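For reference, the structure discussed in these notes is given below.
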Amino acid sequence: MSHREWRTEGGRFTPQGRHIPIGLTFFAVLAMILGGMLGGMSSASAGAVRGEHLLAPSTPSAGPYKAVLENLSGEIAADIGHPLSLPITVTVNSTQKEGASTEAYAGVENASGGDSGTPGRCAVAINPLLYAHNKSAGLTKFVLAHEMFHCFEAMDYPTIAAFNAAPDWLIEGEAEWVGDEIEPQDDHWWDTYLLDIGTPLFKRSYDAVGFYSLMTQTGDDTWHLLDPMLKAGGNAAAFNVASTTTLQKNWASTYARESGFGQGWDAKGPGITDATYKPDTSVIHNGTHVTEKVAPYSNALIKFSPSAHVVNISPGTVTSRLHEPNGDTDNGLAAGSNEFCVTDCNACPEMMAMPKLPPGTSWLAISGDTTGATYSVVGQPDLCNESCAVGSWTVTTMTLTTSGYTFTGGEGTEVNIATDGTATADFSPGAVLGAAKFNGVETAKYALPDNPKELSGSFGVSDYDVSQATITVGGRSEPVDVGPGEGSFTCTGTTGLTLNFPAGANDLEYTMVRDIAPATTTP
C-alpha cells in the first residue's frame with residue numbers, strides 16, 4: 001500500500017486544545033476514543049515518552065476513528081465544493097509503524113487493495129503514538145483532518161503512481177493547511193516556513209503551509225484552488241494557479257513579521273507561531289556593496305542603514321518592495337537601478353532631483369519570482385557633475401539699478417542654463433521692467449566654476465548674442481546692449497537661483513525658481 005504520512009518530527013507540535021465545534025457527534029466519538037484509550041493504558045504506557053516505539057496494551061476499535069473521519073469528510077466536502085468519491089478504510093495499529101514520530105498515515109489502494117492502477121479506496125492507519133497518550137481532542141482532529149485530505153487529493157490523480165509522485169509542497173503542504181484550517185494547532189511547521197525564507201517553494205513539504213495561508217491572506221479563494229493546483233500538471237503550473245500580483249508583492253515582505261509597517265509586512269494564518277526571521281543590519285557607507293542571489297520561487301529579506309550620500313538599490317525583480325525609516329513603503333521599485341539620495345541632497349541638481357531616503361533602518365524584501373534574482377545595495381558618493389545653476393528657471397523678480405534708480409519686474413522671463421554653460425533668456429512672455437519692456441531672446445556663454453558642488457561663486461560671461469532681443473521704451477524699440485563680462489550665482493535650497501551682473505553704475509539681478517521642482521520624497 002502506498003501512503004502519505006503525517007509526522008510530528010519528534011514532538012514539534014504543542015497542542016493548545018482549541019477546536020471548531022461541529023456537533024455533539026464529533027465530541028461523543030472523540031470521548032469514546034479517548035475514554036477507551038485511557039481505560040486500557042497501563043502505567044508504563046501512560047508514562048511513555050512521545051516519539052519512542054510504542055506497544056499499546058489495548059488497541060482501540062477502528063469504528064470511532066472512522067466515524068470522525070467520515071464527519072471530517074463532510075466538513076472538507078462543504079469547504080472544497082465536492083464530496084469524497086473514494087471509500088475509506090481505517091486500521092488501528094497495535095504497534096508503531098512508519099517511524100517513531102508518525103501519528104497516522106493515509107494510503108491509496110486500487111479496488112483490490114493493490115498499490116497500482118486507478119485509486120479505488122483510501123486507507124487510513126492510526127498509530128499508538130496518537131492514541132496511547134492523553135492527546136487533546138483538538139490535536140486528534142487536526143491529525144485526522146490532515147490524513148482525510150490526502151484521500152481527497154488522490155481523487156485528482158489518474159493513477160496511484162501519479163499521486164505518489166506528486167511533489168510534497170502540494171500534497172503535504174495542502175493537507176497541513178487543511179488541518180490547520182479545520183482545527184488550528186500551534187503548528188511548528190510554520191517555524192520552518194518562517195525561518196528558512198531562502199528555501200524554494202517547490203522544495204518545501206509540510207512547511208508549505210505558510211504559502212497556502214499567504215494565498216488566503218492576499219485574497220485567493222484557497223479552498224477552491226486546491227484541486228486546480230493538484231491538477232495543473234507541474235510545479236510551475238500549480239504556482240501560476242495560485243499566483244496574483246498581490247501575492248507576489250507580499251510574499252517576501254510578510255517574512256518581516258512587522259505588522260506596524262502596514263499591509264503585507266506580516267505573515268498570518270491558522271496555527272502560525274511566533275517564529276520570526278531576524279536579518280542583520282548592514283551599514284551602507286560610500287563604497288559598500290551588498291549583493292546576493294535569490295533562487296526562483298524563494299525570497300530574501302535584508303535590513304540596511306545608509307550613511308552614504310547615495311544608495312543604489314537593485315532588487316532584481318519588480319515584485320520586491322522597500323520599507324523606509326519614515327514608514328513609507330515603496331511598491332514601485334524597478335528591477336534595475338533605483339537611486340536614492342541620503343545625505344547632502346541639495347548639493348547639485350542631480351542630488352536635488354533624486355528621490356530621498358530618510359536616515360535610519362530600511363527593509364528590502366526581495367522576491368526571486370519565477371526566474372530568480374540578484375539584488376544589490378550599493379553606497380555611492382554624491383553624484384554632483386553639474387553646477388546647481390544648471391537647469392530651467394522662471395524669473396520671479398528682475399531688478400535693475402542704474403544711476404541711483406531701481407526698477408523691478410521681469411516676471412515670467414524664462415532662463416535655461418545648459419551643462420556646457422550656454423545660457424538663454426527668453427523674454428517672449430513680455431518682461432516689463434519699469435517703463436521698459438524686453439522682447440525676444442538673447443544668449444551668452446557662462447564659465448561656471450569647475451567644482452560642481454559650489455552653491456555660490458563667480459563666473460565669466462562671453463559670446464553674447466543679442467541680435468534677436470529688443471527693448472521698448474515709450475513706444476520705441478531699441479537693440480539690447482551686450483551685458484557685462486562677469487557675473488555671480490547663488491543657489492538657494494533645491495529650487496532657487498539668483499544671478500547678478502554688475503556693470504559700473506548699472507546692476508542687473510535675476511531671482512528665479514526652477515520650472516519643475518525636484519522630488520523631495522520617494523514616490
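The values are calculated or read from the model by the stated rules, or taken from the named source; none is laboratory data. None of the values given here were measured: they were computed from a predicted structure. Using ideal geometry, Cβ is built from the backbone for each residue, glycine included, and neighbour counts are taken over all protein chains shown.
Would you call Gly219 out of contact with any Gly (no Cβ under 8 Å at 6 or more places or on another chain), without any contact (Cβ under 8 Å) to a residue 40 or more places away in the chain and surrounded by fewer than 18 Cβ atoms within 10 Å (Cβ to Cβ)? Spelling it out, Gly219 is indeed out of contact with any Gly (no Cβ under 8 Å at 6 or more places or on another chain), without any contact (Cβ under 8 Å) to a residue 40 or more places away in the chain and surrounded by fewer than 18 Cβ atoms within 10 Å (Cβ to Cβ). For the stretch 381-399, enumerate the residues that are out of contact with any helix residue (DSSP H, G or I) (no Cβ under 7 Å at 6 or more places or on another chain) and either surrounded by 18 or more Cβ atoms within 10 Å (Cβ to Cβ) or at pLDDT 95 or above (or both). Selection gives Ser387, Ala389, Trp393, Val395, Met398. Within the stretch 315-323, none of the residues are in contact (Cβ under 8 Å) with a residue 60 or more places away in the chain, outside the structural domain of Val432 (by TED's automatic domain parsing), farther than 30 Å from Gly434 by Cβ and surrounded by fewer than 22 Cβ atoms within 10 Å (Cβ to Cβ). Only a single criterion out of (1) surrounded by fewer than 19 Cβ atoms within 10 Å (Cβ to Cβ); (2) closer than 30 Å to Gly233 by Cα is not satisfied by Ala106, namely (1).
Just checking: which of the strands (runs of 3 or more DSSP E) contained wholly in the stretch 71-151 hold 1 or more residues that are touching a His at 6+ places or on another chain (Cβ under 8 Å)? Hits in the stretch 71-151: 102-109, 121-126.
Of the residues making up the stretch 464-488, those that are in contact (Cβ under 8 Å) with a residue 40 or more places away in the chain and farther than 18 Å from Leu400 by Cβ number 0. Checked against the criterion of being modelled with pLDDT under 50 and aliphatic (A, V, I, L, M), the stretch 56-66 has at least one qualifying residue. Output the residues belonging to the stretch 118-140 that are of a type in the set (Val, Ile, Thr) and under 17 Å from Val68 (Cβ atoms). Those that are of a type in the set (Val, Ile, Thr) and under 17 Å from Val68 (Cβ atoms): Val124, Ile126, Thr140.
Here Val461 fits the description: out of contact with any Leu (no Cβ under 9 Å at 6 or more places or on another chain) and touching a residue at least 24 places away in the same chain (Cβ under 8 Å). Count of the stretch 320-370 residues, restricted to those that are under 19 Å from Ala256 (Cβ atoms), assigned to a loop (DSSP other than H, G, I, E, B) and β-branched (Val, Ile, Thr), is 1. Scanning the stretch 267-278 for residues that are of a type in the set (Asp, Glu) and surrounded by 15 or more Cβ atoms within 10 Å (Cβ to Cβ) turns up nothing. Against the definition (over 43 Å from the mean Cα position of the chain (by Cα), surrounded by fewer than 19 Cβ atoms within 10 Å (Cβ to Cβ) and within 18 Å of Ala145 (Cα to Cα)), how does Thr89 come out, yes or no? Answer is yes for this residue. Restricted to the stretch 236-248, and to residues that are touching a residue at least 60 places away in the same chain (Cβ under 8 Å) and buried (at least 19 other Cβ atoms within 10 Å of the Cβ), which residue is farthest from Ser367 (Cα to Cα)? Across the stretch 236-248, the extreme among qualifying residues is Ala238.
Checking every residue in the stretch 245-262 against the condition of being in contact with a helix residue (DSSP H, G or I) (Cβ under 7 Å, 6 or more places away or on another chain) and closer than 24 Å to Tyr157 by Cβ gives zero matches. Scanning the stretch 344-356 finds no residues that are at pLDDT 90 or above and either touching a helix residue (DSSP H, G or I) at 6+ places or on another chain (Cβ under 7 Å) or small (Gly, Ala, Ser) (or both).
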